[in-house]
Each structure stands twice: as C-alpha cells, then as structure tokens.
Amino acid sequence: MWAVAEAVARGCLTKMGVEPDSPATYTLRTGEQRLALNALLGRRLALSWSGAIACTHCGRATKKSFGQGHCYPCFKRLAQCDTCIMKPELCHFFAGTCRDPDWGERFCFQPHIVYLSNASGLKVGITRATQMPTRWLDQGAIQAMPILSVDSRQQSGFVEMLFKGEVSDRTNWRAMLKGDVDELDLGAERDRLLERLAPGLESLREQFGHAAIRTLDEAAQRFDYPVLEHPTKVVSHNLDKTPRLEGTLMGIKGQYLMFDTGVINLRKYTGYEIELAA
C-alpha cells in the first residue's frame, strides 16, 4: 500500500474530452470539474467508485447504468438510446415511430461521414461530420480517412453495411492498447473498396439520389497518444467488482486509462461517481 496525498477530481464521470494535439490532450470530466490528464502520466493514482450512479440525462440515482450512463426509464424512452443509433439502417423515422422526431431531425438528418480508420487494423465506420476527429481519437485510431459523405444517418448505415462485407466495423481494443499496429495505406484501401463496391454504391445512389452519396478525396490523418509504455498483457479493471484501482498512469488512448496494474475504459462508467487521487 502507498499513501494517497490528495484528491484531484471528484464527481460523476462523462467521457474524457480529447483534442488532436501531438500527442492527443486528454481532460477528465467529473461533474463540473475538469482535470488535465496528460500531466499525471508517470504518477501514482487511485481511482475509486463511491457506489453511486446518476443518470446523465435526468440526474436520478440508478443502481445500474444502461446505454453508457442512463437510468432504465431514460434508456427505454430516449431516441438516442434506440436500437437504430447502433444500427442506423434500422431507422424507423419514416414509419412514424421515432421516439423523438424533433431529436431525430436534428441529429440524424444531417451530413454523416463514412470513414476508414486503423486502430487495430482496417476498419469502416460512420460518424456525424461534426464529430471528426473526436470519433477517431475516442477509438484510439492511429490513422483515419473520410471516404464518403451522405445526407443522413440512415444512409450512412446502408453504406456501412455494404462495406462490412469486405472490412470489419469493430476495433480489437486489446491490440489497440498494446500499440502493436502497423500503418496502412488508407488511400489504396479506399480505392480498392470503392472499385469493388461500385455496383452496390450505384444501387444506393439510385435509391436515394446520386447527390446524396458523395465520394471524398481527402488525405489520411494521423494521431499519436500520450503513452509512456504500452502494456504487454492487457488486464481490464472492473469497477463494479473492485471499486478501487491503484497504480502508475502509463498512458491514455481512446477512452482508456492505462495503469501498470491494469486498464480501464472510462466511457463504460459514464454516470459513476468517482474520486481520483494522486
């Protein structure tokens, strides 16, 4: 055991803020508090969960977090917690059954980007145009490239489904944290996939209009992260089972803090009331 000198942050977690500096700059967000995390690299820290969880939408106490920080009633009621957020191709707005049509019009009927990224190998994904490059940094990507722009979230889902026949839509988080990832020629991968999937893209353009799905010609972006040492063996810490984590902060990547005693995905614990002490 070692002595903890002082509490440096306390409150309910939301996902870490991140800026695309070199390396990326991270901010811990606990309630109204903001704490610069990069400066804590190499320091001994203790992260403790009080046992309390608050819904990030309504603020009520909940025994369990649903959909990254919601109480069960909000999880079942809010449009942003519906199945179609994870699977946009299942959008049911036009059937008149959207949980919150006003929310859907604001968030789903705006330009979305289909991209290729590399966090643990080639991956396809989608995001709102306003979420670049935050989306890639949250995934721990070392490279990313927008390849298509579409008019709505549903359209992005159909395009992603087409690409998923050729490339994964998931990140191997253990490989991402180990940092043993080779750079890829994303431009060459884009050209290969667009050529191979041209008939399917043409079919979608005929369905939604040729101007609705636009090919982009953008350079790949590269990212690096504040990491002193990558883990050789990834051990994940679970606050629900062990509400206290102690160790030396060795790195930050994606939404993970990497300690010499294990790694923790802070986004998983959105709404948890924690204390970070140094």
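Throughout, read-outs are computed from the coordinates displayed, never taken from laboratory work. For clarity, every value in this text was computed on a predicted model and none was experimentally measured. Methodologically, a virtual Cβ is constructed for each residue, glycine included, from the backbone with ideal geometry; neighbour enumeration extends over all protein chains shown.
State the extension gain, in nm to one decimal, for the chain segment bounded by Arg222 and Lys63, taking 0.36 nm per residue of separation less the distance between their alpha-carbons. Can you show the working numbers first?
Working: separation 159, 0.36 × 159 = 57.24 nm, distance 4.00 nm.
Extra length from Arg222 to Lys63 when fully extended: 53.2 nm.
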What percent do you get for the relative contact order of the stretch 1-119 when only Cα pairs under 8 Å and 6+ apart count? 12 percent
For a quick protection proxy, order the peptides 16-27, 262-273 by their average other-Cβ count within 10 Å, most packed first. 262-273, 16-27
Evaluate the distance, in nm, between pseudo-label points positioned 7 Å from the Cα of Lys76 and of Arg34 along their respective Cα→Cβ axes. 3.7 nm
Any idea what angle helix 186-196 forms with the longest principal axis of the chain, computed on alpha-carbon atoms, 0 to 90 degrees, nearest 10? 40 degrees
Quick one: check the C-alpha center-to-center distance for the stretch 160-187 versus the stretch 83-112, whole angstrom. 26 Å
If I take all pairs of Cα atoms in the stretch 111-222, what percentage of them are more than 21 Å from each other? 31 percent
With +1 at each Lys and Arg Cβ and -1 at each Asp and Glu Cβ, the charge dipole magnitude of the stretch 111-222 around its Cα centre, to the nearest 20 debye, comes out at 380 debye
So the angle from the long Cα axis of helix 198-208 to the longest Cα principal axis of the chain, reported in degrees to the nearest 10, equals 80 degrees
Who wins for biggest fluctuation among Thr127, Thr248, Thr83 in a Gaussian network model of the chain, springs between alpha carbons below 10 Å? Thr83
With axes computed from alpha carbons, what is the tilt in degrees of helix 153-163 against the longest principal axis of the chain, rounded to the nearest 10 within 0 to 90? 80 degrees
Estimate the FRET efficiency between Met161 and Leu122 by the formula 1/(1 + (r/R0)^6), using the beta-carbon distance for r and 25 Å for R0, to the nearest 0.05. 0.90
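Considering only lysines 8 or more places apart in sequence, or on different chains, count the pairs in the stretch 58-191 whose C-alpha atoms sit under 19 Å apart. Intermediate results must be reported in sequence, preceding the final value.
Details: Lys63/Lys76; Lys64/Lys76; Lys76/Lys87; Lys87/Lys123; Lys87/Lys164; Lys123/Lys164; Lys123/Lys178.
Here the count comes out as 7.
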Cα convex hull volume per residue for the chain, in Å³, equals 131 Å³
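By how many nm would the segment from Ala198 to Ala7 grow when fully extended, if each residue of separation counts as 0.36 nm and the alpha-carbon distance is taken off? If you can, show how the numbers build up before the last one.
Values: separation 191, 0.36 × 191 = 68.76 nm, distance 5.57 nm.
Gain on extension, Ala198 to Ala7, equals 63.2 nm.
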